[in-house]
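Peer 1: Below you will find the structure I want to go over with you.
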Amino acid sequence: MRRRRPAGAAVALGILLAGCGVPPTGVVEAGEPASGLTRGARLYFASAGGLRPVPVDDTEITNLDTVLKVLLLGPPPGGRSDGLTSYVELPGFSATGTGTRVTLNLDGPYPGSGRDQGTGQLVCTLARAQSVLVPEVRIDDVEVTVRPAGSSPLGPYRCADFLDR
């Protein structure tokens, strides 16, 4: 008699769940996938825990040079109080991007080693900007090369090379 109760309870539960009155539906089309904050431009700043992205809210990014000019201003006031800093120092520059390739041409020597947080700031900021300017390009696919005047190029680097350090 006791063995029948668990089996009977399972059958009753199955009938209850199957007959709850909610008809099955197919796929409901709802437009484009969510994009939100993760699609916008970001500047990358150094912190004790590594590079941290900061949204660019007030500046329209129309080209790579613009995003670098904003990066050179340093972290926003709230970011400074959160421990963000910038190690980016550049002589004159011009940045160009085609598809997944970005080149930063410098008018003078590059002060970084190529594996420092300042270089990471440049690479991640440029990669993110390129993915915003060319929406079909993913930030993870962008390769950035730094070309100092009078010396060998550095890179190409990807943003992932500098994260989680």
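Peer 1: Grab the other residues whose beta carbon is less than 14 angstrom from that of T59, score K and R as +1, D and E as -1, and report the net.
Peer 2: Details: positive: R42, K69, R128; negative: D57, D58, E60, D65.
Residues close to T59 contribute a combined charge of -1.
Peer 1: Under 15 Å from the Cβ of L84, count the other residues' Cβ atoms, weight Lys and Arg +1, Asp and Glu -1, and hand me the total. Walk me through the intermediate numbers first.
Peer 2: Numbers: positive: R42, R52, R80; negative: D82.
Cβ neighbours under 15 Å give a net charge of +2.
Peer 1: Could you give each residue of the stretch 69-84 its phi-based ³J(HN,Hα) in whole Hz, using Karplus coefficients 6.51, -1.76, 1.60 with θ = phi - 60°, and x for Gly or Pro?
Peer 2: 4, 5, 4, 5, 6, x, x, x, x, x, x, 4, 5, 8, x, 7
Peer 1: Going by a ≥ b ≥ c, the root eigenvalues of the Cα gyration tensor, does the stretch 30-165 fall in the rounded group (a/c under 1.5), the prolate group (a/b larger than b/c) or the oblate group?
Peer 2: Numbers: a/c = 1.63, a/b = 1.21, b/c = 1.35.
Oblate is the answer for the stretch 30-165, as a/c is 1.5 or above yet b/c matches or exceeds a/b.
Peer 1: In the stretch 125-165, what percent of the accessible surface is made up of carbon and sulfur (1.4 Å probe, ligands and nucleic acids excluded)? Spell out each step's value before the answer.
Peer 2: Working: 940 of 2050 Å².
Here carbon and sulfur together make up 46 percent of the probe-accessible area.
Peer 1: How much length is gained on full extension from D57 to S113, taking 0.36 nm per residue of separation minus their Cα-Cα distance? Walk me through the numbers before you get to the answer.
Peer 2: Values: separation 56, 0.36 × 56 = 20.16 nm, distance 3.05 nm.
Contour length minus Cα-Cα distance gives 17.1 nm.
Peer 1: Then there is this: Using a 1.4 Å probe, what is the accessible area per residue for the stretch 62-147, in Å²?
Peer 2: Values: 3960 Å² over 86 residues.
That works out to 46 Å² per residue.
Peer 1: While we're here: Quick check: the distance between the Cα centres of the stretch 105-165 and the stretch 74-98, to the nearest angstrom?
Peer 2: 13 Å
Peer 1: Roll a 1.4 angstrom probe over the protein heavy atoms and tell me the percent of accessible area of the stretch 70-121 that is carbon or sulfur.
Peer 2: 51 percent
Peer 1: To the nearest 0.05, what FRET efficiency results for A149 and R101 with a Förster distance of 22 Å applied to their C-beta separation?
Peer 2: In this case the efficiency is close to 0.65.
Peer 1: Also, I was wondering about something else. For the pair R138 and T85, how long in nm is the line joining their label points, each one 7 Å along Cα→Cβ?
Peer 2: Using points 7 Å along Cα→Cβ, the separation is 3.4 nm.
Peer 1: Can you list the HN-Hα couplings for the stretch 139-154, worked out from phi with the Karplus curve (6.51, -1.76, 1.60; θ = phi - 60°), rounded to whole Hz and with x for Gly and Pro?
Peer 2: 4, 5, 8, 6, 10, 10, 10, 9, 10, x, 5, x, 9, 5, x, 10
Peer 1: Using a/c under 1.5 as the rounded threshold, could you call the stretch 115-158 rounded, prolate or oblate? The axes a ≥ b ≥ c are square roots of the C-alpha gyration tensor eigenvalues, and prolate needs a/b larger than b/c, oblate otherwise.
Peer 2: It comes out prolate by the Cα gyration axes.
The values are calculated or read from the model by the stated rules, or taken from the named source; none is laboratory data. No experiment lies behind these values; they were computed from the predicted model shown. When we count neighbours, we look across all protein chains shown, and the Cβ atoms used for this are built from the backbone with ideal geometry, even at glycine. Just the protein is used for accessible areas: all its heavy atoms, side chains included, with ligands, DNA and RNA removed. Shrake-Rupley method; radii C 1.70, N 1.55, O 1.52, S 1.80 Å.
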